[in-house]
Amino acid sequence: MTQLQDTAPPSLRRRMAAFLYEGVLLFGVVVLTALIYSPLTNQRHALKGQHGLQAACFVVIGLYFIWFWCRGGQTLAQKTWHLRLVDLKGAPVSPWRALLRYLLAWLWFMPALVTIGLMGWTHSPGALWSAVLGGMAAYLLIARLHPRRQFLHDVLAGTQIITQRPVPRPKPGSAPVGDPS
């Protein structure tokens, strides 16, 4: 069924709700990746081989996003919140543009992760969460400065999130849309 597109950018609140829902879904993706990775690599302890597992999760999460963005422009969370990823002309994104957006989306977390590493806060959960949440808040503020409220990774990748609501279904007994009778 054809869907309606809205040219106005979706609110930051809706995009953040989809972001949180995406995190819940990605938890399952990461657990499944770990369940497959651990027996394949004979990983018996969480800290032994953790960098390999992190790399595997990075790749699997990337494949998850690139797959959905190239096949309809919506992940499961974006579909739930009626959001769709397109390029600046409104066309579907190419695999290379989706890969670029995925890599640039790590700007949400990289400044905080680099700060944590440089400051030696790797064993302080409070400092870790403060840095990550503070970095995310700063990233949100940057989006508020953009005229269309776009995130930095979308601006750099040449993509945008649009609202795409499903076409309302006709009421029972009413004539279908476009039917002259």
Is it true that some residue in the range 123-142 is in contact with a Lys or Arg (Cβ under 8 Å, 6 or more places away or on another chain), open to solvent by less than 50 Å² (accessible area, probe 1.4 Å) and at pLDDT 85 or above?
no
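Determine whether the range 63-75 contains at least one residue that is of a type in the set (S, T, N, Q) and open to solvent by less than 50 Å² (accessible area, probe 1.4 Å). Before the answer, list the steps.
Step one: filter the range 63-75 for residues of a type in the set (S, T, N, Q), giving 74-75.
Keeping just the survivors that are open to solvent by less than 50 Å² (accessible area, probe 1.4 Å) gives 74-75.
Yes, the conditions are met somewhere in the range 63-75.
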Filter the range 36-62 for residues that are assigned to a loop (DSSP other than H, G, I, E, B) and open to solvent by 60 Å² or more (accessible area, probe 1.4 Å); the one that is modelled with the lowest pLDDT is ALA46
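What are the residues in the range 18-35 that are open to solvent by less than 90 Å² (accessible area, probe 1.4 Å) and over 30 Å from THR163 (Cα atoms), if any? Give the steps one after another, and end with the answer.
To start, the set of residues in the range 18-35 that are open to solvent by less than 90 Å² (accessible area, probe 1.4 Å) comprises 18-19, 21-23, 25-26, 28-31, 33-34.
Selection gives VAL31, THR33, ALA34.
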Filter result for the condition that a residue is part of a helix (DSSP H, G or I), farther than 22 Å from PHE58 by Cα and at pLDDT 90 or above, over LYS79, LYS89
LYS79
Checklist (1) open to solvent by 40 Å² or more (accessible area, probe 1.4 Å); (2) within 21 Å of MET136 (Cα to Cα); (3) not β-branched (Val, Ile, Thr) applied to LEU12, failing item:
(1)
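Collect the residues in the range 123-146 that are under 19 Å from PRO10 (Cβ atoms) and free of Cβ contacts under 8 Å to residues at least 12 places away in the same chain, keeping them in residue-number order. Steps first, answer last, please.
Applying the first criterion (under 19 Å from PRO10 (Cβ atoms)) to the range 123-146 yields 136, 139-146.
Within the range 123-146, LEU141, ILE142, LEU145, HIS146 qualify.
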Kindly list the number of the only condition in (1) at negative phi; (2) surrounded by 16 or more Cβ atoms within 10 Å (Cβ to Cβ); (3) touching a helix residue (DSSP H, G or I) at 6+ places or on another chain (Cβ under 7 Å); (4) not basic (Lys, Arg) that fails for VAL86.
(3)
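The values are calculated or read from the model by the stated rules, or taken from the named source; none is laboratory data. No experiment lies behind these values; they were computed from the predicted model shown. Cβ atoms come from the backbone with ideal geometry, glycine included; neighbour counts cover every protein chain shown. With ligands, DNA and RNA removed, areas are computed over all heavy atoms of the protein, side chains included. Shrake-Rupley method; radii C 1.70, N 1.55, O 1.52, S 1.80 Å.
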